[in-house]
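Worksheet: the structure to be examined is printed underneath.
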Amino acid sequence: MKTYNGEKQHLLIRRLKCTQCGRLHNELPDILVPRKHYQTEVIENVVDDICTPDNPETSCYPCERTMARWKQWINQNKAQIDGHMRSVAFRLLGFSSEFLNSGKSLLVELRSRGGGWLASVIHFFLNSCGRFLSTGPPENYAPA
């Protein structure tokens, strides 16, 4: 895992075998996003524009293209994250159908509450069998 200043930390990740499908799965801690090398907090700060390529303090951070890909990845998955969170909130948490039709974005609400939103989304989304869309280079997508 890469942290602030580009420092690398090694983590032990448990591999678990599913008793139903027989496949191996990695148990990721909340500080990691699947298929990403940087710590969740670093990605979150880039997406929230707390860290930008223009910041001299971020000179050891990922390159500008990586930062752009992270932002595009979140933008591309906004609807999927919101829809999945709404569905689970309705089915499992008893939220009303008015809530489903309100148009309020749970992702926007979480982001407005400050740090830690990405770890919460990852934890919630993946533990309820959600799947993120992969993303290619940012130039392949229209701005959101």
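Output the number of residues of segment 62-113 satisfying the condition of being of a type in the set (A, V, I, L, M) and within 15 Å of the chain's Cα centre (by Cα).
10
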Original post:
Do you know which of the residues in segment 19-68 that are free of Cβ contacts under 8 Å to residues at least 40 places away in the same chain and among the acidic types (Asp, Glu) is farthest from residue 5 (Cα to Cα)?
Top reply: 27
**OP:** Looking only at segment 94-105, decide whether some residue is within 26 Å of residue 41 (Cβ to Cβ) and either at pLDDT 85 or above or surrounded by 14 or more Cβ atoms within 10 Å (Cβ to Cβ) (or both).
**Re:** yes
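Return yes or no: is residue 35 farther than 14 Å from residue 121 by Cβ, touching an Asp or Glu at 6+ places or on another chain (Cβ under 9 Å) and either surrounded by fewer than 12 Cβ atoms within 10 Å (Cβ to Cβ) or at pLDDT 90 or above (or both)?
The answer is no for residue 35.
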Original post:
Which residue, of 28, 24, is closer than 23 Å to residue 125 by Cβ, aliphatic (A, V, I, L, M) and surrounded by fewer than 16 Cβ atoms within 10 Å (Cβ to Cβ)?
Top reply: 24
**OP:** Would you be able to say whether some residue in segment 1-18 is within 20 Å of the chain's Cα centre (by Cα), surrounded by 11 or more Cβ atoms within 10 Å (Cβ to Cβ), without any contact (Cβ under 8 Å) to a residue 24 or more places away in the chain and assigned to a strand (DSSP E or B)?
**Re:** no
Original post:
Is there a residue being surrounded by 13 or more Cβ atoms within 10 Å (Cβ to Cβ) and among the small types (Gly, Ala, Ser) anywhere in segment 51-72?
Top reply: yes
Original post:
Hey, among 83, 94, which residue is within 21 Å of residue 33 (Cβ to Cβ) and small (Gly, Ala, Ser)?
Top reply: 83
Original post:
Which ones in segment 107-144 are among the aromatic types (Phe, Trp, Tyr) and modelled with pLDDT under 65?
Top reply: 141
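The values are calculated or read from the model by the stated rules, or taken from the named source; none is laboratory data. Computed from a prediction, not measured in an experiment: that's the story for all the values here. Cβ: placed from backbone, ideal geometry, glycine included. Neighbour counts: every protein chain shown.
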